[in-house]
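> Let me give you the structure first, and then I'll get to my questions.
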Amino acid sequence: MENVLYYLSLFLELFASLGLVLYIFRQKKTLFWCSYWILFAGFICHTVFLGYRYYLSGMAPVIHFKAALSFFSWSIIGVYLIFQFKFKLKVLGSFVAPFAVFLMIFSSTMPWIDIPVRPIFKSLWLTTHIAVIFIGNGMLAIGFLAAIMYLIQEYQIKHKRAGTFYERLPSLATLDTINNYSIAYGFAFISFGIIIGSIYAQQVLGTYWQWDPKEVWSLITWLFYAALLHQRLAAGWQGRKVAIMTIICFFILVFTFVGVSHLLGGYHSFRNMGLQETI
Amino acid sequence: MIKIINIGMNHETAPVELRECLASEQDSVLRTLGAIRNIDCIKEGLFISTCNRVEALITSDNSEEAKKCMISAMSMIGNIPEDDFSSNLYTYEDMDAVLHIFRVASSLDSLITGEPQILGQIKEAYAEATREKTAGVILNRLMHRAFHVAKRVRTETFICESAVSVSYAAVELAKKIFYELKGKKVLLVGAGEMAELAARHLKTHGAESIVVANRTFDKAVRVAELIEAKPVSFEEIESQLYEVDIIITSTASKEYVITYEQVKKSIRKRRNRPLFFIDIGVPRNVQPEINSLSNIYVYDVDDLKGIIRMNMDRRQQEGIKAERIVREEAVKFEKWVKTLAVVPTIISLKNKSESIIQAELKKSNGALSEMTSEQKEAVITLTTSIAEKIINDPILYLKGKVDRPTLDLYLDMTRKLFNLDQDN
């Protein structure tokens with residue numbers, strides 16, 4: 001049952017991504033909307049799958065790297081599906097969906113292990129902490145992709161190359177706005193997520209903050225994004241500088257997400273969430 | 001057999017002085033349509049008159065006569081002797097006429113291929129013809145097909161999409177940078193027709209204001225008046241760098257009017273807002289190195305021309321695709337025109353069966369009189385559907401033969417078999 005849902009959503013999302021990539025070359029509205037709704041169907045399957053996992057384990061599905069990647073992919077797609085209606089920018093999907101599906105494919109290569117969850121993690125607080133941060137991450141991922149699109153388009157305009165991408169990509173101002181919006185909201189979400197996490201830590205561990213590697217790196221990531229927002233608001237950064245900075249920030253975020261859990265350990269890391277590891 | 005005929009002249013066949021004669025007066029379209037209505041051998045007519053073309057689209061049973069009448073009507077309305085313009089006319093008949101009007105509507109026959117105005121002008125000409133009641137079955141269908149073809153060409157090819165003039169290319173680029181021009185400020189340095197046109201274009205696309213600078217202030221004032229802008233002195237350019245978003249330069253100056261240092265200095269004060277230079281001056285007025293600054297883009301006249309050349313090539317390529325669409329639709333239309341030939345026979349066939357039904361019902365009136373009205377109704381329905389079924393196959397057969405050269409034979413045979421011609 002879970003496997004069916006997992007692979008069904010993977011298949012639908014993959015299929016939709018192919019459609020969206022094809023949309024770059026063949027600008028047919030129907031192609032876009034078919035892909036969009038297939039992506040939506042994949043997202044629904046994915047949501048049901050995650051809901052079912054939650055029902056089984058009582059914890060947000062981040063027990064191991066496989067689950068966390070699929071959850072990350074889910075949050076990116078979810079944010080995109082909503083953003084599409086705000087920005088009405090079809091080509092955004094051609095970048096976002098393949099990225100999300102890439103994470104999903106990566107996740108599918110890993111084996112699924114059922115590990116009993118430590119009781120301390122079975123809490124609504126914790127689930128909210130994780131969900132809010134992942135939604136924030138999804139927005140920041142879209143900000144990152146918008147930055148890449150910005151740099152591609154900027155290169156085309158600077159070097160006077162009116163190629164395929166020049167026509168397909170929107171104006172620099174549009175991409176900058178999407179970047180700004182995604183980063184501002186994504187930052188708000190991760191800030192809120194971190195606060196929830198530390199309140200929960202105070203309740204169950206007796207301390208708000210204990211310099212766990214993940215916490216330290218989250219703080220570093222948070223500071224980088226804070227600096228980015230500050231530069232935009234106070235120093236009037238925009239365009240290319242912001243795009244480059246966004247990409248750097250996102251790499252730090254990815255390191256916090258992947259690297260810290262695997263290399264640095266701590267109670268946030270995957271290997272410490274399961275029950276048997278701690279025994 | 002009815003023929004579709006197209007007579008006219010366009011930018012290729014006739015000089016503007018000649019086209020003017022026929023299109024000069026406001027009511028020349030109305031007068032031509034009036035003339036068309038009064039000529040007996042012309043059944044339907046439509047008159048298109050734009051700055052690049054003057055042409056009539058008519059249908060007639062007698063094409064030679066109709067052509068002659070049309071030309072003399074044009075000569076009368078334009079007040080020019082026939083001999084003066086008959087060599088500038090082109091005439092198309094049937095399939096060629098259909099192809100021609102489809103190409104015109106799709107802007108494939110325009111001076112600038114893909115320019116969008118022509119479709120509106122043709123729609124207007126058609127509306128005029130319907131108001132004057134000179135458009136009938138064939139022209140109605142033909143024009144609606146033409147609009148359909150134009151729409152297909154527009155959506156299925158990129159022929160209308162790319163800019164082919166410097167000022168339009170500048171607007172498109174500006175939109176790629178700023179998304180919209182609303183609220184954007186333009187600085188025009190120097191004067192020149194192309195630069196003025198570009199500034200005007202930016203303004204019609206939403207730019208908020210234009211500032212004009214010139215070495216001689218008087219000239220700045222004069223140009224500013226022309227394009228509803230604000231004049232500033234040449235020394236103010238540096239301070240304007242902080243304010244504006246788009247700068248168009250076209251001075252004859254031998255040195256750079258705007259230098260790298262000036263722009264670099266302004267970036268901080270501009271708070272990194274994008275700045276777009278359109279340098280139309282030759283030699284260049286804007287130091288090219290400025291393009292390497294972050295969020296600042298410099299396009300000189302060669303860059304813009306490069307874009308235009310590329311767009312032109314692209315339009316030409318897309319033109320091939322468009323011609324294919326036009327041809328495809330013309331074939332479809334021709335098939336429809338041919339079905340018109342079988343229409344009279346089909347109508348007589350239907351009339352005949354209808355009159356037989358009526359006659360037979362009348363005969364059986366006595367026997368039917370005792371029936372209730374519902375039963376009578378049922379009998380009528382029954383007889384009608386039997387009759388319809390019987391003539392249905394011959395009708396389909398005839399329609400299927402529309403494309404064959406032997407069509408006349410089949411029509412003749414049908415008329416004889418069903419004895420359609422001796423009835424009244």
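The values are calculated or read from the model by the stated rules, or taken from the named source; none is laboratory data. None of the values given here were measured: they were computed from a predicted structure. Cβ sites come from the backbone with ideal geometry, for glycine too, and all protein chains shown count toward neighbours. Ligands, DNA and RNA are stripped out before the accessible areas are found, and what is left, the full protein with its side chains, is counted by its heavy atoms. Shrake-Rupley method; radii C 1.70, N 1.55, O 1.52, S 1.80 Å.
> Taking all protein chains together and a probe of 1.4 Å, list A:F250, A:F192 from the most accessible to the least accessible.
On the way: A:F250 5, A:F192 115 Å².
Largest accessible area first, the residues go A:F192, A:F250.
> Let me ask you something else. How much accessible area does A:F251 have with a 1.4 Å probe, in Å² rounded to the nearest 10?
Roughly 120 Å² of A:F251 is accessible to a 1.4 Å probe.
> OK, next. Would you look at the GNM of chain B, springs on alpha carbons closer than 10 Å, and say which of B:S86, B:S239, B:S60 moves the most?
Taking springs between Cα atoms under 10 Å, the residue moving most is B:S239.
> So if R0 is 35 Å, what FRET efficiency would B:S348 and B:R131 give, r being the distance between their Cβ atoms, rounded to the nearest 0.05? If you can, show how the numbers build up before the last one.
Details: r = 33 Å, r/R0 = 0.96.
Efficiency, rounded to the nearest 0.05: 0.55.
> Does the range B:3-156 classify as rounded, prolate or oblate by the C-alpha gyration tensor (a ≥ b ≥ c root eigenvalues; a/c under 1.5 gives rounded; else a/b over b/c gives prolate, otherwise oblate)? If you can, show how the numbers build up before the last one.
Numbers: a/c = 1.55, a/b = 1.19, b/c = 1.30.
Since a/c reaches 1.5 but b/c is at least a/b, the shape of the range B:3-156 is classed as oblate.
> Rounded to a whole number, what % of the accessible area of the range B:3-156 do carbon and sulfur atoms account for, probe 1.4 Å? Spell out each step's value before the answer.
Values: 3300 of 6850 Å².
Accessible surface attributable to carbon and sulfur in the range B:3-156 totals 48 percent.
> How much accessible area per residue does the range A:90-136 have, in Å², with a 1.4 Å probe? The partial results should precede the final answer.
Working: 2060 Å² over 47 residues.
Per-residue accessible area for the range A:90-136 comes out at 44 Å².
> Could you tally the net charge around A:L39, taking each other residue with its Cβ under 14 Å from the Cβ of A:L39, Lys/Arg +1 and Asp/Glu -1? Let's see the in-between values first.
On the way: positive: A:K90; negative: A:E13.
Combined, the nearby Lys, Arg, Asp and Glu give 0.
> Follow-up. Which whole-Hz ³J(HN,Hα) couplings does the range B:323-338 yield from phi under the Karplus relation 6.51 cos²θ - 1.76 cosθ + 1.60, θ = phi - 60°, glycine and proline marked x?
So the J values, rounded to whole Hz, are 4, 5, 4, 4, 4, 4, 6, 5, 4, 4, 5, 4, 4, 4, 4, 5.
> Among B:V221, B:V29, B:V212, which one shows the highest mean-square fluctuation when chain B is modelled as a Gaussian network with alpha-carbon springs under 10 Å?
So, out of B:V221, B:V29, B:V212, the one fluctuating most is B:V221.
> Answer with one residue from A:I248, A:S269, A:S123: the one whose Cα lies farthest towards the positive end of the charge dipole of chain A, charges on Cβ with Lys, Arg +1 and Asp, Glu -1.
A:I248
> OK, next. Considering only chain B, what is the antiparallel percent among its DSSP beta bridges, to the nearest 5? Before the final figure, lay out the partial values.
Working: 20 of 43 bridges.
Counting only bridges with both partners in chain B, antiparallel ones make up about 45 percent.
> Separate question: Give the ranking of B:D408, B:D245 by solvent-accessible surface, highest area first, calculated with a 1.4 Å probe.
Working: B:D408 115, B:D245 15 Å².
Highest to lowest solvent-accessible surface, that is B:D408, B:D245.
> Sticking with this structure for a sec: Dipole of chain B, Cα-centred, from +1 at each Lys and Arg C-beta and -1 at each Asp and Glu C-beta, to the nearest 20 debye?
Numbers: 58 positive and 62 negative charges, 287 e Å.
Result for chain B is approximately 1380 debye, rounded to the nearest 20.
> Taking H placed 1.01 Å from N in the peptide plane, check which residues at least 5 places from B:K3 or on another chain put their amide H under 5 Å from its amide H.
It is B:S60, B:D61, by chain and number.
> Would you please give the FRET efficiency between B:M1 and B:S86, computed as 1/(1 + (r/R0)^6) with r the Cβ-Cβ distance and R0 = 30 Å, to the nearest 0.05?
Taking R0 as 30 Å, the efficiency between B:M1 and B:S86 is 0.70.
> Continuing with the same structure: Using a 1.4 angstrom probe on the protein heavy atoms only, line up B:I122, A:I115 by accessible area, largest first.
Numbers: B:I122 0, A:I115 35 Å².
If we order B:I122, A:I115 from most to least accessible, we get A:I115, B:I122.
> Does the protein assembly as shown come out rounded, prolate or oblate, given a ≥ b ≥ c as the square roots of the eigenvalues of its C-alpha gyration tensor, rounded meaning a/c under 1.5 and, failing that, prolate meaning a/b above b/c?
Working: a/c = 3.68, a/b = 1.43, b/c = 2.58.
It comes out oblate by the Cα gyration axes.
> Here's a follow-up. Given the protein chains as shown and a 1.4 Å probe, how many square angstrom of B:V331 are accessible, to the nearest 10?
Surface open to solvent at B:V331 totals about 80 Å².
> Could you give the nm distance between label points at B:K332 and B:S253, where each point is 7 Å from its Cα heading toward the beta carbon?
Once both label points are built, they end up 5.8 nm from each other.
> Then there's this: What is the gain in length, in nm to one decimal, between B:K265 and B:D218 on full extension, counting 0.36 nm per residue of separation less the C-alpha to C-alpha distance? Provide the component values of the computation, followed by the final result.
Numbers: separation 47, 0.36 × 47 = 16.92 nm, distance 2.90 nm.
Full-extension gain reported as 14.0 nm.
> Any chance you could run the full-extension gain for B:V16 through B:F147? It's 0.36 nm times the residue separation minus the Cα-Cα distance, nm to one decimal.
Fully extending the segment from B:V16 to B:F147 adds 44.5 nm.
> Please give the solvent-accessible surface of B:T13 in Å², to the nearest 10, using a probe radius of 1.4 Å with every protein chain present.
50
> Which distance in nm do the two modelled labels at B:Q240 and B:E115 give, with both placed 7 Å along the Cα-to-Cβ direction?
According to this spin-label approximation, the distance is 3.0 nm.
> Which distance in nm do the two modelled labels at A:A226 and A:A41 give, with both placed 7 Å along the Cα-to-Cβ direction?
4.6
> Sticking with this one: Once fully extended, how much extra length lies between A:I82 and A:S191, figured as 0.36 nm per residue of separation less the alpha-carbon to alpha-carbon distance? Walk me through the numbers on the way to the answer.
On the way: separation 109, 0.36 × 109 = 39.24 nm, distance 2.09 nm.
The A:I82-A:S191 span can extend by a further 37.2 nm.
> First check a/c for the range B:54-96, with a ≥ b ≥ c the square roots of the eigenvalues of its C-alpha gyration tensor; if it is under 1.5, answer rounded, and if not, answer prolate when a/b is larger than b/c or oblate otherwise. Walk me through the numbers on the way to the answer.
Details: a/c = 2.15, a/b = 1.64, b/c = 1.31.
Note, shape of the range B:54-96 comes out prolate.
> At a 1.4 Å probe radius, carbon and sulfur cover how many percent of the accessible area of the range B:251-340?
Numbers: 2490 of 4680 Å².
Exposed carbon and sulfur together represent 53 percent of the surface.
> At a Förster radius of 60 Å, what calculated FRET efficiency corresponds to the Cβ-Cβ distance of B:K68 and A:T164, to the nearest 0.05?
Values: r = 54 Å, r/R0 = 0.89.
Rounded to the nearest 0.05, the efficiency is 0.65.
> Let me spell out the model: positive unit charges on the Cβ of Lys and Arg, negative unit charges on the Cβ of Asp and Glu, origin at the Cα centre of the range B:3-156. What dipole size does that give, in debye rounded to 20?
On the way: 17 positive and 23 negative charges, 154 e Å.
For the range B:3-156, the charge dipole is close to 740 debye.
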